[in-house]
Amino acid sequence: MELAFERRGTGAPLILIHGIGHHWQAWLPVMDRLAAARTVIAIDLPGFGVSPGLPEGIPYTAESLADAVESFCARLGVREPHMAGNSLGGYIALELASRGVVRTATALSPAGFWSRPELLYAQAMLRALRAGARFGATPLLSSASTGILVAHPSRLEPQALTAAAQALSEASGFDETLESFSGLMPPAPPKSPITIAWGEHDRLLLRRQAVRAARWSGQRVKLLKGCGHVPMSDDPELVARIILESSAIS
C-alpha cells in the first residue's frame, strides 16, 4: 500500500508508527538520534497525515492498519524491520510482533490495555481534542489540552503544535478508528522480542494500564520518567535510548 513516509539514516531498518490523529512528524524530536544508528522510516498511517485512506470496503481497525503497515514494508522491500510505535502505533507494533514479521517491537503507551471506563475516558478526551482542532486550534494549543498528551507542553515548537492540530482535524480515518477501539483487545502473545514503556505522567492512557501490559507480556514495563502519553518531545534522549536498546536485542 502507498503510504507517505520520511526516511533518514543508515543501518538496520526501523519503522516508526504514530498514534491516532497524529502524523509521522510526531517522531521528529527523536529521528536524528535514531538515524545515527538505524535506517529510520517514519510513516503516516492510512487516513492520517497525508497518506490516502484505506481502500473502500476495508474497515478502519488496528488490525487493518497493521495489515497496511505490513504491506507497505513488503512493497518497500523491508523484511523483518525493527518497529516502534506510540499509542495506536504501539498496538500495531505489538500486533506485528505477534505475527512474527518484525525483528523487535517497542511500544510506547500502547492502546488496548484499558478497562471499559478507561477506554470511554480516552475516547471522550480524543473526541474533545479533535473538536478543538476542527473548530479553531485554540483549545488544542492551550497548556491544559496539550497537557493531556505531553507532560511538558512548553517543549513543543509552535509550528509543531499547529501542524499536529491540522493533522488531527483532517484525519479521514480518525472517527472510524476511534470507534473500533471499543472492540480492541490485546494482541496474541508476541513471537518477536518486545519492549513496552509507559509515560510516568500519561493522562490519556493512564499509567495503571502498564500493569496489565506487563501481565500480558510477562515482563516489567519500563517507566518513562517525566514523560506524558506522547513522550518523544518530553524527553527525546530517553525515548531514543529505549528504542535503540530495544532494537539491539535481536
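Every number in this text was worked out from the coordinates using simple rules, so none of it is lab data. Being a predicted model, the structure only gives us computed values, none of them experimental. Positions of Cβ are backbone-derived with ideal geometry, glycine not excepted, and every protein chain shown enters the neighbour counts.
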Hey, what number do you get for the chain at 222 nm if only DSSP H runs of n ≥ 4 count, each worth -39500 (n - 2.57), divided across all residues, to the nearest 500?
-12000 deg cm²/dmol
List the residues whose amide H sits under 5 Å from the amide H of Ala105, counting only those 5 or more places along or on another chain, with H placed 1.01 Å from N in the peptide plane.
Met83, Ile194, Thr195
Once the Cα gyration tensor of the chain is diagonalised, semi-axes √(5λ) in Å
23, 20, 19
Packing-wise, with mean Cβ within 10 Å as the measure, how do 163-171, 48-56 rank, highest first?
163-171, 48-56
Environment charge of Ser192, counting only residues whose C-beta is closer than 10 Å and scoring Lys/Arg +1, Asp/Glu -1:
+2
The chain: antiparallel DSSP beta bridges as a percent of all, rounded to 5
15
Note down the net charge around Asp235, summing +1 for each Lys or Arg and -1 for each Asp or Glu among other residues with Cβ under 14 Å from its Cβ.
+1
Mean 1/r over distinct Cα pairs of segment 1-132, inverted to a Kirkwood Rh in Å, yields 15.0
Based on Cα coordinates alone, diagonalise the gyration tensor for segment 22-65, multiply each eigenvalue by 5, take square roots, and list the semi-axes in whole Å, largest first.
26, 10, 8
